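As structure tokens, the structure follows; a few thoughts come after it.
The values are calculated or read from the model by the stated rules, or taken from the named source; none is laboratory data. Quick caveat: nothing in here was measured; it's all calculated off a predicted structure. Here the Cβ positions follow ideal geometry from the backbone for every residue, glycine too, while neighbour counts run over all protein chains shown. Remember, those area values only see protein heavy atoms, side chains included, never the ligands or the DNA or RNA. Shrake-Rupley method; radii C 1.70, N 1.55, O 1.52, S 1.80 Å.
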Amino acid sequence: MAVEHSQDENVDLNQPELFFNRELSHLEFNYRVLQQALDESHPLLERLSFLCIFSSNLDEFFEVRVADLKQQLAFGREKAGPDGQYPQVTLDRIHETASKYVELQYEILNNTLQPAMAEQGVRFWKRREWTDDISRWVKRYFKEKIQPVISPLGLDPAHPFPRLVNKSLNFIVELEGKDAFGRETGLAIIPAPRSLPRIIRIPDEIMKSGDHFVFLSSMIHQHADELFPGMKTKSCYQFRVTRNVDVSFDEEDVSDWASALKTELHTRHFGEEVRLELADNCPEHLEKFLLAQFNLNQQDLYRVKGPVNLHRLMSVQSLCQRPDLCYTPFTPGLPAHLNFSNNLFESISNKDQLLLHPFESFTPVIDLLRQAAKDPYVLAIKQTLYRTGSKSKIVDALVEAARNGKEVTVVIELRARFDEEENLKLANRLQEAGCVIVYGVVGYKTHAKMMMIVRREQGSLKRYCHLGTGNYHAGNARLYTDYSFLTANQDICEDVHKVFQQLTGMGKALRIKKLFHAPFTLHRSLMELIEREIDHKKHKKTARIIIKVNSLTEPEIIRALYRASQAGVEVRLIIRGMCRLRPGIPGVSENIHVRSIIGRFLEHTRVFYFYNAGEEQVYAASADWMERNLLHRVETCFPIEGKKLLNRVRAELEMYLADNCQSWVLQPDGRYIKSEPQAGEDPISAQRTLLDTLTQ
């Protein structure tokens, strides 16, 4: 129940105390992911996967967020966020927090997951545990498959410290003796080629039952001597350096983005160093040596008690083939009227269609494009692509459409981080098929998810559109929760047409009727919708807001939500990741509740609900409530209209708000507390309920 308040204009909503630090909030999200590795409601190998996801997330956090803070310091561009913290203070707190989380990560791996997996016949063999049979097999494997591709690097004035690839596995070795040239350097580096697997399965003929593995790092440790003939290896320690992966060029000063991006991409692997991970037993003199080589300090050092590249453990699931230790497979639901054998144009023309992935299939979206590629009445297709995957059925359909004589225009966002190279390849393939390729707008990433098909029907042209909260990536549609909206609504399709005009042509921003679109109207429209709820509450009407997004960081939006809370509006926020808003502050935000859902699927839907004095409105969007999305990207926000669809989305939001199994509730001090069913309460898992009700 919302607490009634009159808005206190004496409260300064710009106070730093009212905002959490963005980067620390991001770390808190990663901590919630890590906690899933301890949650026994997940199958054992899925718990290992959560540990790997935490590792991957943390890598990206350092590559992007920490790298940005360090650049601010290096170039004298320090600026405080809404929380008032400057970069150096934030970096200090990141190190303090991340160090604890990394220590916990290895503690979970070594003391919880590995023993539990060993009980199930999945075992990682440490060197001290090797049997004679394992030792002989390892020696043979090393000689035949590892040694021929490794290039050890002795360090001396003629062989300076090498420029090591971002996140690559390496070893620092102390040597004793002289080599063939009489050199006595004392130190060497062993880079482990990326072509080598980090985990190797022991053959079944050696280990008769179960699934048994050896780490590549253990093999190299054991046989490092053989890489330096005639010399003695005194010690060998693994390490990994993380670098800044930002790919940047002056967008205003290049004539061809694709060519400029190709030139810059190779530098990604060799950006400025931001973190050193080092074996916990490495002596201090080698630690100091490595820190000096990478121009890092103690704040950038993370000691690890195990493999430095835990993300590579993700391969264990496929190497094991133990379905009993993984999630039960499911078949996404497929509404009968959206089956490929039907005329999808007719189904969509009859009524708007809404799909919630992964519980409902992404196939109708692909099938619609496939039908369009073959349909003799389809004249044109327009599509945005942000992330699609390397083997994309969407791209296959666009290629087929172009070859069948359709006018195909594709807006490809080349700057989708970590997908730049793949998107360049897709662009080339589409161009070769005859598609018109556009790379978006200078200064604004195109993050909108839109597809428009123009079809001749009964002597006139009719448009069909798909709008989504997620990417056109069939793989992600099995892992991420996202809405797909298929419509032939004339006003919405006209709006989508105008947005495509803005992306592919030039001219003033066009007036659109139904959609909100960034960077023009989305931020302003959301502010107006919040203010409308405030106004309703002032007039003694029921007022309620439910927002589900990945991140909430934009300060003006947060202040508007504070004003709503002060007015007595009930505000319920489902924020998976970063949240700068501080709930539960008396006189400011006691009417705001924030929760994060972490489970089998990555929550990715962006949905906005406004009670509007009983005339309820629901919107879905490609945009999170972050500065970059609302102000510096091309995004679309579309209404979900019709009582049936609106009621459905509201019911699904209420389900997430009632979740007491996979939800974490944000406290005023920034901690998240895991929800648990109370005495007499039934356990409610939104994802489980949706799996039970929507899948086949």
24 Å Cα-Cα threshold exceeded, pairs from K382/K508; K145/K232; K70/K305; K351/K541; K351/K508: K70/K305; K351/K541; K351/K508
Compute the distribution of all C-alpha to C-alpha distances in the stretch 74-219, in bins of 10 Å from 0, and list the percent of pairs in each, rounded to whole numbers. 8, 24, 27, 23, 14, 5, 0
Please pull out the direction-averaged projected area of the chain, using the convex hull of its alpha-carbon atoms, in nm² to one decimal place. 34.7
Using the alpha carbon gyration tensor of the stretch 596-696, what are the three equivalent-ellipsoid semi-axes (square root of 5 times each eigenvalue), largest first, in whole Å? 25, 20, 14
Here the averaged projected area of the stretch 87-134, based on the convex hull of its alpha-carbon atoms and given in nm², is 4.8
Might you tell me the accessible area per residue for the stretch 12-97, computed with a 1.4 Å probe and given in Å²? 40
Of the listed peptides 617-626, 330-339, what is their order by residue-averaged count of other C-beta atoms within 10 Å, with the highest listed first? 617-626, 330-339
Gyration tensor (Cα only) of the stretch 623-668 to equivalent ellipsoid, semi-axes in Å sorted down, yields 25, 21, 6
Considering the Cα trace of the stretch 1-126, what is its radius of gyration and what is Dmax, both in angstroms? 19.7, 65
Area projected by the alpha carbon convex hull of the stretch 99-167, averaged over all directions, nm²: 8.1
Aspartates and glutamates with Cα under 16 Å of K644, excluding same-chain neighbours fewer than 8 positions away: D352, E615, E616, E652, E654
Using Stokes-Einstein with the Kirkwood hydrodynamic radius over Cα pairs, what translational diffusion coefficient do you get for the stretch 416-461 at 25 °C and a viscosity of 0.890 mPa s, in µm²/s rounded to a whole number? 185
Between the stretch 460-492 and the stretch 23-100, how far is it from one alpha carbon centroid to the other, in angstrom? 32
Quick one: with all protein chains in place, what share of the accessible area of the chain is carbon or sulfur, to the nearest percent (1.4 Å probe)? 48
GluC sites (Glu not before Pro) restricted to DSSP loop in the stretch 14-121 with at most 10 other C-beta within 10 Å: E40
Show me 631-637, 502-508 ranked by packing, highest mean number of other Cβ atoms within 10 Å first. 631-637, 502-508
Trypsin sites (Lys or Arg not before Pro) restricted to DSSP loop in the stretch 24-115 with at most 13 other C-beta within 10 Å: R77, K79
Per-residue ellipticity at 222 nm for the chain, helices alone: DSSP H runs ≥ 4 residues times -39500 (n - 2.57), over residue total, nearest 500 deg cm²/dmol? -10000 deg cm²/dmol
How much of the DSSP beta bridge set in the stretch 539-687 is antiparallel, as a percent to the nearest 5? 60
Of the listed peptides 122-131, 207-216, 541-550, 667-676, what is their order by residue-averaged count of other C-beta atoms within 10 Å, with the highest listed first? 541-550, 207-216, 122-131, 667-676
